[in-house]
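Visitor: Below is one structure. I have some questions about it.
The values are calculated or read from the model by the stated rules, or taken from the named source; none is laboratory data. Note that the structure is predicted; figures quoted are calculated from it, not measured. Glycine gets a Cβ as well: all are built from the backbone with ideal geometry, and neighbour counts include every protein chain shown.
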Amino acid sequence: MKRRDLLKALAAAPLLSHVGTLLAAPATDARLLFVFLRGGYDANNLLVPTGSDFYYASRPNIAIPKPGQENGALALDADWALHPALRDSIYPMYQRGEAAFVPFAGTNDLTRSHFETQDTIELGQALEGRRDFRSGFLNRLVHSLNGDRTQLAMAFTDQLPLIFQGSAQVPNMALRSVGKAGIDARQSRIISAMYAGTPLQQPVKEGFVVRDDVAKGLIGEMASANRNAISSKGFELEAQRIARLMQDKYNIGFVDVGGWDTHVGQGAAQGYLAGRFEELGRGLAAFAQEMGDEWRNTLVVVVSEFGRTFRENGNRGTDHGHASVYWVLGGGLRGKQVLGEQLALTQANLFQNRDMPVLNEYRAVLGGLLQRTFSLSPAQLQQVFAGVKPVDLRLV
């Protein structure tokens, strides 16, 4: 093999897992899927503050009309409404009590940099002090749980994300590319032979086992999808694949969805952002349906690195902001609520006269959710989010 082909092959292989637990069923009923919207989505057009006149004055071209108007938002309560693109997906889940939203949520990181703020959230470490880029908070969660029970985790991504970096071994695989393997059987044998007799022999072998195990379980589903003309490029199909794996193999999953940096022409009730919301909503609804009976034991958390500016810009878009809105979904939720600390969205209450302020710090919010979901002891929670006092929203 040429050197560049070898590097491509190694990059395409999933990272290693413990072969002894690879095919075992999860030890607890609880499931967690963490969805990261990369790019900083416009939370103010997702969860619409219909009680704020300042919202409509700040967005003359991109505001979502009030409930009852043409293309109007979907009323959740007296103050908040949902983007109409989610009418057939997330809105019915909300009505059933399977969805909730936490506005004014995020990190106090003020860099407004996509990469730095994404790193901040994925690491889950205090802003003060030196960062450990080898310790993502989902990896610490897996490690804290595996002292007395087996938790199986998977990153449904091309590369292992920062959130899963750490001492617990976690495999990764982008399911949209299943069936288009970067390495064939001959190349697999060559790579395995290269590492024979070295400390990496077993990890490489285990990585191929993970890849083959996932692929075999999806071959039939992929053939059916081709007949039914379901695009493998959409998030909806990938979400269904994730659900199939999390039903009986993995407790904790991570997936990221890009395309949320809407500086120009983001649209309002219709347009680019509406299309992204519709696709994401369909995918999450498909995940819930595919989970079947396990949906009642499943928690889905949707976050982004930050929100967008409250006012629209000159290009009928929005720029990098501060606080966002977190989504919480699950079949066993006490949902149908907009939760957390809130305040009126007026000009006087904007952060730096431009953004929603962070009132619900992400580590405290996520710490409370994880503590409830996995029955974490105080010591285990401190392993995941050191120094945090969790906020219990009583959703789980």
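Matching residues to (1) loosely packed, with under 14 Cβ neighbours inside 10 Å; (2) in contact (Cβ under 8 Å) with a residue 60 or more places away in the chain; (3) hydrophobic (A, V, I, L, M, F, W, C); (4) farther than 22 Å from His322 by Cα:
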| residue | (1), (2), (3), (4) |
| --- | --- |
| Arg112 | no, yes, no, no |
| Gln118 | no, yes, no, no |
| Ile121 | no, yes, yes, no |
| Arg131 | yes, no, no, no |
| Asn139 | no, no, no, yes |
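Visitor: Which members of the stretch 302-318 meet the condition of being touching a residue at least 12 places away in the same chain (Cβ under 8 Å) and assigned to a loop (DSSP other than H, G, I, E, B)?
Guide: Matches in the stretch 302-318: Glu305, Phe306, Gly307, Thr309, Phe310, Arg311, Glu312, Asn313, Asn315, Arg316, Gly317, Thr318.
Visitor: Please report, ordered by residue number, the helices (runs of 4 or more DSSP H) entirely within the stretch 1-101 with at least 3 residues that are surrounded by fewer than 22 Cβ atoms within 10 Å (Cβ to Cβ) and modelled with pLDDT under 85.
Guide: Those helices (runs of 4 or more DSSP H) span 3-12.
Visitor: Can you name the number of the only condition in (1) of a type in the set (Val, Ile, Thr); (2) within 21 Å of the chain's Cα centre (by Cα); (3) at pLDDT 60 or above that Val214 fails?
Guide: With (1) of a type in the set (Val, Ile, Thr); (2) within 21 Å of the chain's Cα centre (by Cα); (3) at pLDDT 60 or above applied to Val214, the lone miss is (3).
Visitor: Please work out which residue is surrounded by the most Cβ atoms within 10 Å (Cβ to Cβ), limiting yourself to the stretch 353-365 and to residues that are aliphatic (A, V, I, L, M) and in contact with a Phe, Trp or Tyr (Cβ under 7 Å, 6 or more places away or on another chain).
Guide: Among those that are aliphatic (A, V, I, L, M) and in contact with a Phe, Trp or Tyr (Cβ under 7 Å, 6 or more places away or on another chain), it is Met356.
Visitor: Related question: Inspect all residues belonging to the stretch 319-333 and state whether any of them is β-branched (Val, Ile, Thr) and part of a strand (DSSP E or B).
Guide: yes
Visitor: Kindly establish whether Gln383 is surrounded by fewer than 20 Cβ atoms within 10 Å (Cβ to Cβ), in contact with a Lys or Arg (Cβ under 7 Å, 6 or more places away or on another chain) and not small (Gly, Ala, Ser).
Guide: So Gln383 fits the description; yes.
Visitor: Do you know which residues across the stretch 260-275 are buried (at least 17 other Cβ atoms within 10 Å of the Cβ) and farther than 13 Å from Val35 by Cβ?
Guide: Asp261, Thr262, Gln266, Gly267, Ala268, Ala269, Leu273, Ala274
Visitor: I would also like to ask the following. For the stretch 248-288, name all the residues that are part of a helix (DSSP H, G or I) and closer than 21 Å to Ala168 by Cα.
Guide: Asp248
Visitor: Looking at the structure I just gave you, is Glu361 in contact with a Ser or Thr (Cβ under 8 Å, 6 or more places away or on another chain) and acidic (Asp, Glu)?
Guide: yes
Visitor: Okay, next question. Right, Leu376: over 17 Å from the mean Cα position of the chain (by Cα), crowded, with 18+ Cβ neighbours inside 10 Å and over 29 Å from Leu110 (Cα atoms) or not?
Guide: yes
Visitor: Taking Met222 and the conditions (1) over 19 Å from Arg31 (Cβ atoms); (2) at pLDDT 85 or above; (3) assigned to a helix (DSSP H, G or I); (4) not charged (D, E, K, R), which numbered condition does it fall short on, given that it satisfies the others?
Guide: (2)
Visitor: Checking Leu299 against (1) touching a residue at least 40 places away in the same chain (Cβ under 8 Å); (2) surrounded by fewer than 24 Cβ atoms within 10 Å (Cβ to Cβ); (3) not in a strand (DSSP E or B), which single condition isn't satisfied?
Guide: Going through (1) touching a residue at least 40 places away in the same chain (Cβ under 8 Å); (2) surrounded by fewer than 24 Cβ atoms within 10 Å (Cβ to Cβ); (3) not in a strand (DSSP E or B) one by one, Leu299 breaks only (3).
Visitor: With of a type outside the set (S, T, N, Q), under 30 Å from His263 (Cβ atoms) and either crowded, with 19+ Cβ neighbours inside 10 Å or out of contact with any Pro (no Cβ under 8 Å at 6 or more places or on another chain) (or both) as the only criterion, which of Leu393, Leu333, Leu345 stands out?
Guide: Every option except Leu345 fails the conditions.
Visitor: Go through the stretch 123-158 and give me each residue that's modelled with pLDDT under 95, part of a helix (DSSP H, G or I) and of a type in the set (Phe, Trp, Tyr).
Guide: none
Visitor: Hey, another quick one. If you scan the stretch 109-122, which residues turn out to be assigned to a loop (DSSP other than H, G, I, E, B) and under 15 Å from the mean Cα position of the chain (by Cα)?
Guide: Hits for the stretch 109-122: nothing passes.
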